[in-house]
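To start, the structure itself, in structure tokens.
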């Protein structure tokens, strides 16, 4: 009998993040989804409305409108200390598309991609869809869930073609130091490995560490980012990537056929976000830090084991039986994500997002405390 579906999707499951809340019913506190509860800044919404009213509703150039790509180049120089030209930018439908086309462009069947374990739920499936093999780099609590260069070296084989770095990290909130980023870049250079750097949480760091882009130190980097988390624009589905032109030329081929271009209206909104006032970014970061500190204090009071997140808006405590913990909370109206959704090293943890409103966060943690103390 002829198989009905492609083998490449046989062992790919529905996202553990989505499963955590899409089956929920009634009123619940959603600490499972990584989405800022803030409204999109007014000047960004106004830019989208102006674009709509002006009839800017047609296809754009495949790479994105020139003004936005120029603004992204300015942003990289200002925030990330590396230079890119507008021709080295592709505007995508979210960071997810950027990751997808990056992997499709640089790996093929039989290649291996090093990914953090635990790491974002998309990394392994997108690698498999590119018909390559995801190889988890085990991250430990004792190393603050960072990606130790020595462990990375142990995982490299002649088949290793790419390495994904995610800092600040989802689901752990870990932030890589400049020293470690440099070490990872050196390893990648020595082994001719392309780095794909997921930097969507770059502005959400709460301690003395600074965000460091690998592209500061190497040209063999595809930098992936988005306006989603920084500007509370998740529904706009607007991401972007930067890489040398030889990379962009290959990724553009894929982008042209699966997407053509990102939303014209979202591009104008993103232009306003990136080039406009940045006050709202600092305000959101300050509020997320307040929520982070609340979550840390609450979990300490429950005597739970966890690492204090240094970035993003997730905390990743250890629990006994993760599925039982998740199911019990769900019955009580609180949604969290099982740690194993992020890889084998996430087993018996849960990811709690503190991107919900402070009031919802307080009520949800009261329920969590009741479950922990039961």
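The values are calculated or read from the model by the stated rules, or taken from the named source; none is laboratory data. Quantities reported herein were computed from a predicted structural model and do not represent experimental measurements. Counting neighbours? That spans all protein chains shown, and the Cβs are built from the backbone with ideal geometry, glycine included.
For the subset of region 286-297 comprising residues that are surrounded by 15 or more Cβ atoms within 10 Å (Cβ to Cβ) and touching a residue at least 40 places away in the same chain (Cβ under 8 Å), which member is farthest from the chain's Cα centre (by Cα)? The extreme case among them is 294. Residues that are over 30 Å from residue 134 (Cα atoms), surrounded by 15 or more Cβ atoms within 10 Å (Cβ to Cβ) and modelled with pLDDT under 95: does region 298-320 have at least one? Within region 298-320 (the criterion being over 30 Å from residue 134 (Cα atoms), surrounded by 15 or more Cβ atoms within 10 Å (Cβ to Cβ) and modelled with pLDDT under 95), the answer is no, since none of the residues qualifies. The listed residues are 289, 330, and the only one of them that is modelled with pLDDT under 95 and in a helix (DSSP H, G or I) turns out to be 330. Only residues that are part of a loop (DSSP other than H, G, I, E, B), surrounded by fewer than 23 Cβ atoms within 10 Å (Cβ to Cβ) and touching a helix residue (DSSP H, G or I) at 6+ places or on another chain (Cβ under 9 Å): list them for region 133-176, please. 140, 146, 148, 156, listed by residue number. If you go through region 338-374 and keep only what is touching a strand residue (DSSP E or B) at 6+ places or on another chain (Cβ under 7 Å) and more than 24 Å from residue 118 (Cα to Cα), you end up with 360, 363, 364, 367. Remark: residue 216 matches the filter, which requires a residue to be in the same structural domain as residue 100 (by TED's automatic domain parsing), surrounded by fewer than 24 Cβ atoms within 10 Å (Cβ to Cβ) and more than 21 Å from residue 100 (Cα to Cα). Taking region 48-61 as the range and being farther than 24 Å from residue 87 by Cβ and in contact (Cβ under 8 Å) with a residue 12 or more places away in the chain as the test, the residues that pass are 48, 50, 52, 57. Taking region 306-334 as the range and being more than 19 Å from residue 288 (Cα to Cα) and touching a strand residue (DSSP E or B) at 6+ places or on another chain (Cβ under 8 Å) as the test, the residues that pass are 318, 319, 322, 323, 325, 326, 329, 333, 334. Restricting attention to region 93-123, the residues being under 15 Å from residue 195 (Cα atoms) and outside any strand (DSSP E or B) number 12.
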